[in-house]
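Notes follow the structure.
The values are calculated or read from the model by the stated rules, or taken from the named source; none is laboratory data. Because the structure is a prediction, the values reported are computed rather than measured. FYI the Cβ positions are ideal-geometry reconstructions off the backbone, even for glycines, and counts take in every protein chain you see.
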Amino acid sequence: MHRTLGLLAAVGLVAGVCGTTRAAQSVTLHATLTPERLGEGTTIGFGFQIAAPDGRVPPPLTGVEVSYPVELGFALSELGLARCSRGTIEAAGPEGCPPNSLMGYGTALAEIPVGPEILRETAHVTIVRTTEQSGHLALLIYADGETPVSAQIVFPGLVFPAAPPFGGRLEMSIPLVPSLPEAPDVAVVQFRSTLGPLHLRYHERVHGRVVQYEPKGIPLPNRCPRGGFRFAASFSFQDGSHSNAATVVPCPSVRRG
């Protein structure tokens, strides 16, 4: 049921929203930087909420693109030192992947309209690094739903360059997932996740012993960009509609004294 439980990327929390004229639903984007200390490593928190008019279930999500600020040194982090294959994570789950391939964790909420009722299901999300594709950083998003239906779904994410003021974008193509007989496909309405060292523990061998450590985070610049750290996202839906959303993580306050 949960191939639609995606990012994208992700992915939190000051928000701005902009919808297209074709979209009946609205999307709110969230982002955080934890900790937000200039010149140091951080974890990116990101997420979104999708709402349709009159409390209805929105159409199923089919694509997400999340753009992140150019000032974030994603390539300079020590995340994703190992790779996990799709076959491994499908067969054994995230537990079967190398610890040093883990990139982040999250949750997702999906809805299915069944007559006058709306069924809701929460899934746990794990993001791992996998083998690059055509030179682009590649991720696998694993969604594990337990109730009312047990399902484990894996889908990919790719990181591409982005035009200024952004430094890159995470693209995900989300397949449609049938739900119950005679019911519409699963619709994702909420997603939250992280990319960074928060709650991660990597392994390394030191003097013949395996020790755990927290990997280096995504470096923040020494100076905050004017107006803060800007994020943007675009969303595509099964009915052909599109929505856009944007948010800003404000610059950290400057301590004096």
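Return a yes/no flag: does the stretch 82-89 have any residue that is outside any strand (DSSP E or B), hydrophobic (A, V, I, L, M, F, W, C) and farther than 18 Å from PHE155 by Cα. Within the stretch 82-89, one or more residues are outside any strand (DSSP E or B), hydrophobic (A, V, I, L, M, F, W, C) and farther than 18 Å from PHE155 by Cα. Looking only at the stretch 176-183, decide whether some residue is within 20 Å of the chain's Cα centre (by Cα) and part of a strand (DSSP E or B). Scanning the stretch 176-183, I find no residue that is within 20 Å of the chain's Cα centre (by Cα) and part of a strand (DSSP E or B), so the answer is no. Scanning the stretch 193-246 for residues that are farther than 20 Å from PRO58 by Cα, over 19 Å from the mean Cα position of the chain (by Cα) and among the polar types (S, T, N, Q) yields GLN212, ASN222.
Remark: pairs (first residue in the stretch 207-227, under 22 Å from THR43 (Cβ atoms); second residue surrounded by fewer than 13 Cβ atoms within 10 Å (Cβ to Cβ) and modelled with pLDDT under 90; Cβ separation under 7 Å; 6+ apart in sequence or on different chains) = PRO219/LEU76. Can you name the residue in the stretch 93-131 that is small (Gly, Ala, Ser) and either surrounded by fewer than 19 Cβ atoms within 10 Å (Cβ to Cβ) or more than 12 Å from the chain's Cα centre (by Cα) (or both) and is also nearest to GLY80 (Cα to Cα) among such residues? Looking at the filtered set, the residue picked out is SER101. Give me the residue from the stretch 33-65 that is in a helix (DSSP H, G or I) and not small (Gly, Ala, Ser) and, out of that set, surrounded by the most Cβ atoms within 10 Å (Cβ to Cβ). It comes out as PRO53.
The residues of the stretch 184-198 that are in a loop (DSSP other than H, G, I, E, B) and closer than 22 Å to VAL128 by Cα, listed by number, are GLY196, PRO197, LEU198.
Screening LEU79 against (1) more than 30 Å from PRO181 (Cα to Cα); (2) at pLDDT below 90; (3) in a loop (DSSP other than H, G, I, E, B); (4) not charged (D, E, K, R) leaves a single unmet condition, (2).
Which count do you get for residues in the stretch 147-191 that are modelled with pLDDT under 80, touching a strand residue (DSSP E or B) at 6+ places or on another chain (Cβ under 8 Å) and either within 25 Å of HIS136 (Cβ to Cβ) or not polar (S, T, N, Q) (or both)? Looking only at that region, the number is 8.
Table: residues versus (1) at pLDDT 95 or above; (2) within 21 Å of ARG129 (Cβ to Cβ); (3) not β-branched (Val, Ile, Thr).
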residue	(1), (2), (3)
MET1	no, no, yes
LEU8	no, yes, yes
VAL11	no, yes, no
ALA15	no, no, yes
LEU29	yes, no, yes
PHE48	yes, no, yes
